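A quick write-up on the structure given underneath.
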Amino acid sequence: MAISILALAFFGCAGQSPSNAHEARHVASEGLAERARTLLAESLRAHGVIDGRGPISIRCEGNHQELGHLARPRELSESRVTRSATVDLARREARGVWSLAHDDGVSTGKIAVEQNSVYWSNPDESEARRDTSEAQTRARFGLAELVPSALLALALENPSALHLDDAQTVSFVDPSGMRRWIHVDAKTRLVTRVERLESDSVLGDDRQSTDYLAWAAIDGLVVPTRMRHRRLWYVEEEVTCAKTASAVVIGERLPAAPGKEPPHVTVARVGEGLYTARLDHLNNRTMFLERADDVIAFEAPLDSATGELVIAAIDRTTGGKPIRWLVLSHHHPDYVGGLRPFVARGTHIVTTPGNVDYIRQIAEAPHTVEPDQLARAPKPVVVEAVHAKRVLGEGATAVTLYDIGVFSSHTDEYLIYHFMRERILFVGDMVSLRPGPITAARPRAVGLLNALESLHLDVERIYQSWPVRDRVDVLTIATLRRMVELCREQTPPPMTPQTR
Ligand SMILES: [Zn+2]
């Protein structure tokens with residue numbers, strides 16, 4: 001190690017030929033890899049002996065926050081979290097169970113990482129066994145973050161990938177391609193912090209960190225008893241942990257869920273120049289209005305790939321007319337997550353005043369981990385705010401945007417779109433109805449009808465963006481009125497919380 005550093009100094013003083021410079025860099029990086037390996041090995045020893053020991057089980061409890069489908073942009077929902085893990089350091093196996101208790105109930109997930117497979121179930125992914133090597137790696141490292149010895153052992157499995165960033169920090173790219181950092185305390189040699197560079201589908205690069213704030217020795221192994229996990233700009237989780245006698249048991253495993261439906265857009269004409277673009281794989285649809293020389297688009301679900309899919313469908317239908325405006329009803333990810341490809345095309349974004357900063361943040365967020373069109377060719381974003389009402393266009397193809405605000409029972413600000421000539425209303429997630437007998441309206445649909453009546457809007461048909469799977473394609477205003485009547489006939493009114 002010392003020789004490598006001396007060699008670099010020597011080449012540096014002597015003046016380098018290109019090949020010498022290359023060799024010096026190679027020698028230097030080998031030296032840094034060696035020092036990184038030494039630092040992690042010292043740290044692993046400081047955490048205790050892992051060879052020949054049995055599994056260790058810990059249980060953590062604390063607070064969890066996440067970006068939810070809430071009333072304002074960047075608002076966080078809070079829940080209680082418990083995480084239990086059993087980690088077998090010698091066999092490189094781990095099992096974990098977590099649960100989140102929030103207002104809508106409790107959601108739980110399980111994960112088991114074994115020699116050549118990973119199994120997990122959680123409410124978002126449904127029951128599934130994931131055998132891709134990327135899934136295995138991420139699950140393995142994810143569980144190892146609860147017991148840093150395991151993380152050190154995993155990092156040391158591939159010593160040539162290690163790089164010494166500074167005297168106490170080692171970085172490496174794990175076999176799944178994710179960049180990670182391990183920070184080691186100068187004195188105790190315990191791991192103080194681990195980081196990983198994730199890609200958030202809406203907000204881009206997300207360097208997440210876990211700080212280890214307190215430690216205890218358990219059976220000769222030093223394990224963290226307090227941890228804080230940060231992502232984006234907020235603390236996602238803070239937990240305290242203790243040893244537990246009960247090992248995690250995963251129990252019966254269900255087979256992998258069927259693969260997801262492939263992305264697909266179905267365009268349908270619903271009026272003159274007016275189209276819906278249905279995204280069955282997302283249970284969602286958007287709308288666009290073709291005018292003489294340009295297009296107005298409404299809603300941009302989920303992520304940049306979906307935004308590009310919607311734009312391609314608009315291009316196919318309109319022969320590539322420029323998209324002048326993209327109108328966004330509210331700030332939830334299934335309405336704004338796909339806006340970046342529109343910005344890349346020079347489209348102006350139209351939304352309510354409370355969303356303007358958040359829209360800018362999405363458009364300007366670095367996306368180096370998973371670059372999209374806008375990351376490859378950056379463009380400034382133009383956001384136009386609607387104060388209560390705005391008419392886009394004129395004459396027969398004009399569309400009026402209304403902010404129905406608290407009438408939505410959903411977000412503080414909420415745009416609905418009224419196509420006057422067609423007497424069509426397009427709304428995001430205000431109302432939907434399953435085929436069959438008409439059922440009672442929920443609070444959002446009641447609020448929508450109240451808003452339509454107070455605005456005196458002449459509406460015949462209502463299209464919603466979400467959900468569309470197993471739902472009536474288009475509602476008449478008479479149906480909405482009947483739904484609200486049924487709701488008012490019920491006592492007490494339905495208060496089931498809606499989660500989207
Ligand atoms: Zn929503």
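The values are calculated or read from the model by the stated rules, or taken from the named source; none is laboratory data. Owing to the predicted nature of the structure, the values given are computational and were not obtained by experimental measurement. All Cβ positions, glycine included, derive from the backbone under ideal geometry; neighbour counts span all protein chains shown.
Summary of values
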| quantity | calculated |
| --- | --- |
| Search result, residues across segment 355-378 that are among the β-branched types (V, I, T) and either away from the ligand (no atom under 16 Å from the Cβ) or without any contact (Cβ under 8 Å) to a residue 40 or more places away in the chain (or both) | V356, I359, T368, V369 |
| Qualifying position, being loosely packed, with under 14 Cβ neighbours inside 10 Å, in contact (Cβ under 8 Å) with a residue 24 or more places away in the chain and over 20 Å from the mean Cα position of the chain (by Cα), among S84, S133, S43, S57 | S133 |
| Residue satisfying all of: in segment 344-354; closer than 13 Å to E384 by Cβ and under 22 Å from the mean Cα position of the chain (by Cα); farthest from the ligand (Cβ to nearest atom) among these | I349 |
| Residues of segment 383-404 classified as in contact with an Asp or Glu (Cβ under 8 Å, 6 or more places away or on another chain) and either assigned by TED's automatic domain parsing to the domain that holds R74 or within 16 Å of the ligand (Cβ to nearest atom) (or both), total | 1 |
| Answer from V343, V406 - the residue that is in a helix (DSSP H, G or I) and in contact with a Phe, Trp or Tyr (Cβ under 9 Å, 6 or more places away or on another chain) | V406 |
| Some residue of segment 306-329 being closer than 20 Å to M430 by Cα, outside any strand (DSSP E or B) and touching a residue at least 24 places away in the same chain (Cβ under 8 Å) | yes |
| Extreme residue, modelled with the lowest pLDDT, among residues of segment 112-129 that are closer than 22 Å to H229 by Cβ and more than 19 Å from the chain's Cα centre (by Cα) | V118 |
| Test result for D412, in the same structural domain as V484 (by TED's automatic domain parsing) and farther than 26 Å from E272 by Cβ | yes |
| Positions within segment 405-415 being farther than 18 Å from E75 by Cβ and within 13 Å of the ligand (Cβ to nearest atom), in sequence order | L415 |
| Sole residue being under 24 Å from the mean Cα position of the chain (by Cα) and over 21 Å from T244 (Cβ atoms), chosen from D104, D185, D165 | D104 |
